[in-house]
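Peer 1: Pasting in a structure now, in structure tokens, and then I'll have a few things to ask.
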Amino acid sequence: MAKLFSRRIIFALWLTFVGLWAERIMRAAWPLLSTLVLGIGVLLLAAPDLWPLVVLKLAGGIWLLSGLYGLWYFFRRFAAPTLGAARARLDQNLPDRPLAALRDIQALGQGDPASAALWRAHLAQMRAAAAKASAVGPQLDLAPRDPFALRYIALLVFVIGGLFGSVQTMRTGLGDASVPIAAGPQWEVWLQPPANTRRPVIYLNDVMGVELSVPQDTVVLVRLYGDAGLHAIEETLSSRPADTFDAAEPSQKFLVTRSGRLAISGPDGAEWWVSMLPDAPPEVEVIGEVARDAEGSFSLSFTARDDVAVTAGRAWVYLNIDEVDRRYGLAAEPAPQPDIELTLPLIISGDRAEFTEVLTEDLSKHVWAHLPVSLRLEVEDMRGQLGQSTALELALPARNFFDPLAKALVEQRRDLLWSPDNRRRVSQLLRAISQAPETLFRDAQDAEILSNIIRDLEAGTDLEPAAELLWILALEVEDGDLEQAAQKLARAQDKLAEAIKNGATPEEIARLMDELRQAQREYFKEFAERNPPSEQPERLPDDEAVSEDQLQEMMDRLQKLMEEGRMAEAQELLEEINRLMQNLQMTPGQSGGEGQEGQEGGGQQMEDLADSLRQQQELSDQTFRDLQGQTSGDQLGGGGAEGGNDAGEEGPSSQDSLAEQQKQLERDVERQRGNLPGAGTEAGQAARRALDEAAEAMDQAAEDLRAGDLPGALDNQSEAIDALREGMRRLGETLDEQAAPGQGATPNDRRAAGQSQSPSTRDPLGRDVGGNGQLGAGEQMVPQEELRLRSQELMEEIRRRAGSLERPKEERNYLQRLLDRF
């Protein structure tokens, strides 16, 4: 065979022969091998000594029978392969079976040279075909013999045992090795202090026989293991009677309410002496006097302290009925009124063991306003213990009204809420007050509101709506006249400045001067009535103050300059007067001793910018509505021909009108840019650049409106709105830099303290436009009291969770870091 076949063919033949052996063995031995692999995998996963004896015997018997069956199957099915079978399999995988051809002998024509040559050529061709021979692999086709894939199940158990099992487990189960069993503690005890103390939990197994000091109401957790009755609890820390619990109960929980002894009796027992730190009640103390601002809000500073933490606080206000002057409307028997309860502010972050806070409230609308009351502060700790301050005897701080009509309306409102029996008396007095409404009210609508209130009172309706309307009307009367006087003064100043600039006639200038003088007198009169000397702030230095007499002298000089035709000097003097008016503060004791509070410079510019912002927002809203109408008309198509025609007719004219309004607003903004203060400052220059950008965007928006490009106009209008807001913000920074400490509000500022907000400073949603140009910048969108209470609730919840042992350690550590941080 070595001469017939090459080495390559012989190597392939032997490989095929080995494959035949593997094939015959696997086909005959797969049941036996599967049984062995399954048994080893099970032993790796679970040691036999962990099995019940019955299960172990049953499983061992099944495994042994399966092994015997596998042996019988092997001897019955196995047949040793021969080299000829290997040669035949290799030859079958080659074309024309060249291995068999090379073993053939020429039977005919051996003496014929041509026939011999043909035979040699045939052998050469077969050798070339045999040279391409490669070994044939075993055909392990076990699926017909194992239709249920039992071999794969056994292999899976073996692989799982190899990955997750242990050879040590199998050796232990077979008795070759022994693993000692770790013995745990026979009992465990923990001391868990209250969460608000922020003390750590104490594991008593680590502190055998130590004397401990823990806060009151510390929780004692006990776990007893082992046989029942082997250990028992002995304690004198709690107040629970001995006959109410089983000392040998495996799980026990109780509170430390006194100092005493804690012990575990039984094998390996222990004993501790625990000293209880009693929880003292909290304390609260008022600091200083009650302060009240011009709007009626009062503030009261207080200090609260506790040995652990203060968890809540309240302020109670009680009416001292014996000290009330029971005359006029207060002579009637008062209707029952609950005591006033105010929530004390607690610190949001930090330690609440001792802190100082300020209580700020406005009780101007309460029926007890200005009546003698007692105010007492009260704080509470975690255990519910209360601490109270000394009662303060005072008149309940509230807003003061100086206008006689406003004072009368507020007094009748108080009498109405004091007792329902005053209904008829109040209605009669109000009817007498409103006998000549044209002499009392500047606005006829206010007189009509008072008439409706009287009618509702006489009709016997609910008192609360009438009382609310009386309060609103009193505020309107108190603040409305001053606001109108300030607006009139501002208009007179602007008109006179324009007249000087445009070269008005002497008669027109004289008329405007008289109008300005009259406006100033009205403003001084109204302001003096609203701000008596006792309510005014401290005086400015003499070089920053001006009296009414000095201002009148400057006005006389201004009129003389204009009469002489010296308009340039008159213009400079008018600007000086305006500057002084912006920093105006009347000197007490002069001009009848009436005081005058100034206003911040630049208030008019801020008002003008706010008005421009409002107009730009309205133009943007109208452009958006036109775009929606245009889109709706396009969607209607032929089915809405009539409506489509209407929209088509109104569209161009509406857009042209919007374009004209946009151009007018652009001119106004350019004019306002020239009047901005702070030309040499960085903020002033930034404000001017912002207004330049706004004017440029407005110009582009007007062009888009004329061209009918509503989406483009909306984009440019949005840019103009953003630029106006930036300009207002920068203007606010400029005014802050230029403002002097203690400077008051100017007559031009229509947002002075106590006055109503100008409609031009509100956005379409009714929110205030702050001084920095941001919508709602000066307005608290969420009530301050609600924010404070919510913050307190969050801090209490964090403290509770940080002290809960049931939560993961990582979470408790994170919550503790939050408490340390805030």
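The values are calculated or read from the model by the stated rules, or taken from the named source; none is laboratory data. None of these values were measured; they are calculated from a predicted model. Positions of Cβ are backbone-derived with ideal geometry, glycine not excepted, and every protein chain shown enters the neighbour counts.
Peer 1: Checking the structure you have, find out if any residue of region 248-258 is out of contact with any Leu (no Cβ under 9 Å at 6 or more places or on another chain) and within 25 Å of Gly803 (Cα to Cα). Break it down into steps so the answer makes sense when it comes.
Peer 2: At the first step, the residues of region 248-258 found to be out of contact with any Leu (no Cβ under 9 Å at 6 or more places or on another chain) are none.
Looking through region 248-258, none of the residues is out of contact with any Leu (no Cβ under 9 Å at 6 or more places or on another chain) and within 25 Å of Gly803 (Cα to Cα).
Peer 1: Then there's this: Can you tell me which of Asp415, Asp462 is over 17 Å from Leu363 (Cβ atoms) and in contact with a helix residue (DSSP H, G or I) (Cβ under 6 Å, 6 or more places away or on another chain)? Before the answer, list the steps.
Peer 2: Details: Asp462 fails: in contact with a helix residue (DSSP H, G or I) (Cβ under 6 Å, 6 or more places away or on another chain).
That would be Asp415, the only listed residue that is over 17 Å from Leu363 (Cβ atoms) and in contact with a helix residue (DSSP H, G or I) (Cβ under 6 Å, 6 or more places away or on another chain).
Peer 1: Condition first: over 24 Å from Pro147 (Cβ atoms) and in contact (Cβ under 8 Å) with a residue 40 or more places away in the chain. Can you find one or more residues in region 24-41 that meet it?
Peer 2: Step one: filter region 24-41 for residues over 24 Å from Pro147 (Cβ atoms), giving 40.
Keeping just the survivors that are in contact (Cβ under 8 Å) with a residue 40 or more places away in the chain gives 40.
Yes, some residue in region 24-41 is over 24 Å from Pro147 (Cβ atoms) and in contact (Cβ under 8 Å) with a residue 40 or more places away in the chain.
Peer 1: Scanning for something surrounded by fewer than 14 Cβ atoms within 10 Å (Cβ to Cβ) and under 27 Å from Asp279 (Cα atoms), does region 215-228 turn up at least one residue?
Peer 2: no
Peer 1: Among the residues of region 289-306, write down those that are free of Cβ contacts under 8 Å to residues at least 60 places away in the same chain and closer than 29 Å to Asn196 by Cβ.
Peer 2: Of everything in region 289-306, those that are free of Cβ contacts under 8 Å to residues at least 60 places away in the same chain and closer than 29 Å to Asn196 by Cβ turn out to be Ser301, Thr303, Arg305.
Peer 1: What is the one condition in (1) more than 30 Å from Ser134 (Cα to Cα); (2) hydrophobic (A, V, I, L, M, F, W, C); (3) at pLDDT below 85 that Leu20 does not satisfy?
Peer 2: (1)
Peer 1: Can you tell me which residue is surrounded by the fewest Cβ atoms within 10 Å (Cβ to Cβ) among those in region 404-447 that are farther than 24 Å from Arg326 by Cβ and without any contact (Cβ under 8 Å) to a residue 12 or more places away in the chain?
Peer 2: Thr439
This table checks each residue for (1) farther than 29 Å from Ala133 by Cβ; (2) surrounded by fewer than 15 Cβ atoms within 10 Å (Cβ to Cβ).
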| position | (1), (2) |
| --- | --- |
| Leu64 | yes, yes |
| Gly70 | yes, no |
| Phe75 | yes, yes |
| Phe78 | no, yes |
| Ala85 | no, no |
| Arg89 | no, no |
| Arg103 | no, yes |
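Peer 1: Okay, next question. Just to be sure, is Asp339 among the charged types (D, E, K, R), exposed (fewer than 14 other Cβ atoms within 10 Å of the Cβ) and closer than 27 Å to Asp820 by Cα? Please lay out each step first, then the result.
Peer 2: Details: among the charged types (D, E, K, R): yes; exposed (fewer than 14 other Cβ atoms within 10 Å of the Cβ): yes; closer than 27 Å to Asp820 by Cα: no.
Judged against the criteria, Asp339 is not a match.
Peer 1: A further question on this structure: Which pairs have Cβ atoms under 9 Å, sit 6 or more apart or on different chains, and link a residue in region 139-163 that is within 18 Å of Leu38 (Cα to Cα) and among the acidic types (Asp, Glu) to one that is part of a helix (DSSP H, G or I) and at pLDDT 80 or above?
Peer 2: What qualifies is Asp146/Trp30; Asp146/Pro31; Asp146/Ser34; Asp146/Tyr152.
Peer 1: Another question, then. Suppose we filter Leu191, Leu230 for residues that are touching a residue at least 12 places away in the same chain (Cβ under 8 Å) and in a strand (DSSP E or B); which single one remains?
Peer 2: Unique residue meeting the criteria: Leu191.
Peer 1: Another question, if that's okay. Quick check on my filter: what residues within region 376-390 are in contact (Cβ under 8 Å) with a residue 40 or more places away in the chain and not acidic (Asp, Glu)?
Peer 2: Arg376, Leu377, Val379, Met382, Arg383, Gln385, Leu386, Gly387, Gln388, Ser389, Thr390
Peer 1: Continuing with this model, one more query. So which pairs qualify, if the first residue must be in region 108-133 and without any contact (Cβ under 8 Å) to a residue 40 or more places away in the chain, the second must be outside any loop (DSSP other than H, G, I, E, B) and of a type outside the set (Gly, Ala, Ser), the Cβ gap must be under 6 Å, and the two must be at least 6 apart or on different chains?
Peer 2: Here the result reads Met126/Pro98; Met126/Leu102; Ala129/Pro98, each pair linking region 108-133 to a residue that is outside any loop (DSSP other than H, G, I, E, B) and of a type outside the set (Gly, Ala, Ser).
Peer 1: Could you please give the count of residues in region 249-272 that are touching a helix residue (DSSP H, G or I) at 6+ places or on another chain (Cβ under 8 Å) and of a type in the set (Asp, Glu)?
Peer 2: Selection size over region 249-272: 0.
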